[in-house]
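A short write-up of the structure that comes next.
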């Protein structure tokens, strides 16, 4: 992987852009779920509109962004950019794995809405909307400040 070292800045730039796109979706999809749960009756035109928005956000933006975040992040790890001898490196990895788990949870909730089987309230989605924010703080502080 040493030949990739000369492209480090490009790889890092694409990693950061991927993270930004992924996080935009991670913040927006739970908010869509809040309104979907509170305002749309199953089978209504509004329900179908929310389903289209949610599906496209997940499939066209969030999934590719998550995959490219992981890809470029693993390349950066291969280049030695993550310090596994320090706690901060492990905290970042755990945070990214947790963010990926949250992504999976959101995908499962989208399928429930699509099948007309959502049982969660807008309040639940409001609370879950905070999870990506907390994880983002943990990840960014771990990488930039390296307090541990």
(message) Being in contact (Cβ under 8 Å) with a residue 40 or more places away in the chain, surrounded by 13 or more Cβ atoms within 10 Å (Cβ to Cβ), under 18 Å from residue 111 (Cβ atoms) and out of contact with any strand residue (DSSP E or B) (no Cβ under 8 Å at 6 or more places or on another chain) is the requirement here; does residue 61 meet it?
(response) yes
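Would you point out which residue out of 109, 126 is under 19 Å from the mean Cα position of the chain (by Cα), farther than 24 Å from residue 4 by Cβ, in contact (Cβ under 8 Å) with a residue 60 or more places away in the chain and surrounded by 16 or more Cβ atoms within 10 Å (Cβ to Cβ)?
Details: 126 fails: surrounded by 16 or more Cβ atoms within 10 Å (Cβ to Cβ).
After applying the criteria, what remains is 109.
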(request) Only residues that are surrounded by 14 or more Cβ atoms within 10 Å (Cβ to Cβ) and either more than 12 Å from residue 4 (Cα to Cα) or modelled with pLDDT under 90 (or both): list them for segment 78-93, please. (result) 81, 82, 88, 89, 90, 91, 92, 93
(message) Given (1) touching a helix residue (DSSP H, G or I) at 6+ places or on another chain (Cβ under 9 Å); (2) free of Cβ contacts under 8 Å to residues at least 60 places away in the same chain; (3) more than 25 Å from residue 7 (Cβ to Cβ); (4) surrounded by fewer than 13 Cβ atoms within 10 Å (Cβ to Cβ), identify the lone condition not met by residue 38.
(response) (2)
(message) over 12 Å from the mean Cα position of the chain (by Cα), surrounded by 14 or more Cβ atoms within 10 Å (Cβ to Cβ) and not in a loop (DSSP other than H, G, I, E, B): which single residue out of 75, 96 fits that description?
(response) 75
(request) Quickly run through segment 84-102 and pick out the residues that are touching a residue at least 40 places away in the same chain (Cβ under 8 Å) and in contact with a helix residue (DSSP H, G or I) (Cβ under 6 Å, 6 or more places away or on another chain). (result) 88, 91, 92, 95, 99, 102
(message) Which residue is nearest to the chain's Cα centre (by Cα), if the candidates are limited to segment 4-16 and must be in contact (Cβ under 8 Å) with a residue 40 or more places away in the chain and within 19 Å of residue 100 (Cα to Cα)?
(response) 15
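Condition check ((1) part of a helix (DSSP H, G or I); (2) under 23 Å from residue 92 (Cα atoms); (3) at pLDDT 95 or above) across all residues:
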| residue | (1), (2), (3) |
| --- | --- |
| 4 | yes, yes, no |
| 10 | yes, yes, yes |
| 16 | yes, yes, yes |
| 20 | yes, yes, yes |
| 33 | yes, no, yes |
| 36 | yes, no, yes |
| 49 | yes, no, yes |
| 55 | yes, no, yes |
(message) Looking at segment 136-148, I want the residues that are over 16 Å from residue 81 (Cβ atoms) and have a partner that is modelled with pLDDT under 95 and assigned to a loop (DSSP other than H, G, I, E, B) with Cβ atoms under 9 Å, at least 6 apart or on another chain. Which pairs are those?
(response) 141/147; 148/86
(message) When the residues of segment 129-148 are narrowed to those that are surrounded by fewer than 11 Cβ atoms within 10 Å (Cβ to Cβ) and not in a helix (DSSP H, G or I), which ends up nearest to the chain's Cα centre (by Cα)?
(response) 145
(request) Quickly run through segment 112-123 and pick out the residues that are assigned to a helix (DSSP H, G or I) and surrounded by 12 or more Cβ atoms within 10 Å (Cβ to Cβ). (result) 112, 113, 114, 122
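The values are calculated or read from the model by the stated rules, or taken from the named source; none is laboratory data. Everything numeric here is computed off the predicted structure, so don't read it as measured data. So basically every Cβ, Gly included, is an ideal-geometry build from the backbone, and we count neighbours across all protein chains shown.
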